[in-house]
Amino acid sequence: MTGPPHAVHLVPALAAWLDPVAALREMWALPFMVNAFRAGTLAAVLAGTAGWFMVARRQTFAGHTLSVVGFPGAAGAVLVGAPVWLGYLGATMLAALALGRTGGRRGEGDGALIGTVQAFALACGFWFVASYSGLLGGTTSLLFGSILGITSGQVTFLAVVTVAALAVLAASGRRLLFVTVDPAVAGARGVGVRRTDVAFLLLLAVAVAATVEVTGALLAFALLVLPAASAQRVTARPATALGLSVLMAATAVWAALTVAFYTPYPFGFWLTTLAFAGYLLAVALDRWHVLTRWRHAWRPSARWRHG
Amino acid sequence: MAPVGPVAARVTGMLSHPFMVHALVAGTAVALVAGPLGYLLVLRGQVFAADALSHVTFTGALAALVAGLDLRLGLLGAGLAGALGLGLLGRRGRPDDVVIGAVFVFVLGLGVLFLSLYSRGRSGGGGTTGVGVLFGSVLGLDAGQATATAVLAGAVLLALAVVGRPLLFATVDEAVAQARGVPVRLLGVAFLGLVGTTAAQATQVVGALLILGLLAAPGGAAARWSARPAVAVPLAAAIAVGSVWVGLGASYALPSMPPSFSVIATATAVYAVTAAVRGIRGGTRRGSVLEATGPH
């Protein structure tokens, strides 16, 4: 191992917490860090929102599969000389349509289909990478992400996708929630349950593709599942939970970028670790009914009964 | 290029390479275990847990490399620890999908840390090792590794034969099994342990990312062809073994195609044909298995 001992790197990291403004100024003096913060924040908003619906619909396995199928898409796009974002988007949407064959909701027969789609997609990715040996070194960065090489064009693309996805969710979020919570009643009321299921998978595919392009598969999945799972433990109210999910995702991204900047350890490790710490905290709060007691203590009025 | 001639001559030619024989032995052993385990995973609705376990072995392998230990020790340790963790987290040994996702994304994050530590230690060699663990290197196995894989697979098969009947009972009708005194939770954890062991040994054959295909596709296809476990279990094993043989043969004929790809592509093709013929939903419901197995 070269370089100074690891403990030495913790000193500037601790100093960054003591003076966050100076730390931000130091980081934002570097254009690649500015783009990392921009892209990370957008990814947090997009994945935090889409992830909350994914968790509520119990589609974590499908979400994981969608985040890894971007890899063969990107590798295939490089192989044929197409734009990489098109590869990501094409692969995730194709996978979403394949998964949508079963209606997309979690069921006993779904696991085999989702697993087969995922393994086949990854096998194709490996073949593409093996055929184009120049990309082999980039495999781990495609899978595990490198948020430090993001261009301004990628940030703009992510921003456009985020705004579009939020607009779609704002327009159809209530219907999606209805279908998620009670598909039988929603169907009886004339809501197209199957169409909504497939439409959500496609939306998730677009959100995942845009996120994976800047963060890699692992971090996209981390942003989808961890903040949403934490928010779900803390509150059952959809609007509060959505806000909390986005807030936790953004906090994890900012904290991880800062710590990764001042320590020699990779951003991916910090993001998953910090977001997982948040999840454990949420589980602990839920397990010991801390929040319920707090609400009872502070809001004993009629507002509580409505919740 | 492969020699031109009748099929038999080609097969003889293929078997004249020791590395091909090792690959066939290890691949067949893993497939014999992966088929039946995959069928049970599909019945139990636990394919995602297998996905998580196979990813966890990646972190274990890299941790072992960083610590300077044997790669296989890390794979097996992580597979078993992951199985125990998932089994204890869930109610009756079946954790919820959100819990699985949250835990395994954290474990993968640790894998990223180990990968960076390892690559830094040996100036950029870690990327290729990581790729080897992720996608397997079946053609690089020596005689000792192939034998070890076969022995371990035999042990898992033996264990599966012992717990198979009560496990199936606990799978198709958990409440009744529990009432009859079947240790449902213990069986669930033991089953995940077998999956973790298989994922660990299979990582060397098809890789941490692709073992899922050898579990899900043959198991899912077999469940759609027959609701009777006595038929579906051997069928799943046969599909998995057939996929390995066809895949290895195809890679021998077309050396530009990695064996991991052709094995998974064959299994996927079997699954796709099954889904097209039998319908995407048919035959995988626990109710139909309960009917087929009759009263207990």
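The values are calculated or read from the model by the stated rules, or taken from the named source; none is laboratory data. If you're wondering where the values come from, they're calculated on a predicted model, not measured in any experiment. With ideal geometry, Cβ positions are generated from the backbone for all residues, glycine too; neighbour counts draw on all protein chains shown.
The table for this structure:
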read-out: Criterion (more than 12 Å from chain A (Cβ to nearest Cβ) and charged (D, E, K, R)) met by exactly one of B:ARG224, B:ARG180, B:ARG278; value: B:ARG180
read-out: Exclusive hit being more than 10 Å from chain A (Cβ to nearest Cβ) and buried (at least 23 other Cβ atoms within 10 Å of the Cβ), set B:ALA236, B:ALA217, B:ALA230, B:ALA253; value: B:ALA236
read-out: Some residue of the stretch B:57-64 being under 18 Å from the mean Cα position of the chain (by Cα), surrounded by fewer than 24 Cβ atoms within 10 Å (Cβ to Cβ), more than 12 Å from chain A (Cβ to nearest Cβ) and at pLDDT 85 or above; value: no
read-out: Test for A:ALA209: is it buried (at least 20 other Cβ atoms within 10 Å of the Cβ), touching a residue at least 60 places away in the same chain (Cβ under 8 Å) and either in contact with a helix residue (DSSP H, G or I) (Cβ under 6 Å, 6 or more places away or on another chain) or part of a helix (DSSP H, G or I) (or both); value: yes
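For (1) modelled with pLDDT under 80; (2) facing chain A (nearest Cβ under 8 Å), each residue gets a yes or a no:
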{"position": "B:GLY85", "(1), (2)": "no, no"}
{"position": "B:ASP97", "(1), (2)": "no, yes"}
{"position": "B:ILE100", "(1), (2)": "no, yes"}
{"position": "B:SER116", "(1), (2)": "no, yes"}
{"position": "B:SER119", "(1), (2)": "yes, no"}
{"position": "B:GLY127", "(1), (2)": "yes, yes"}
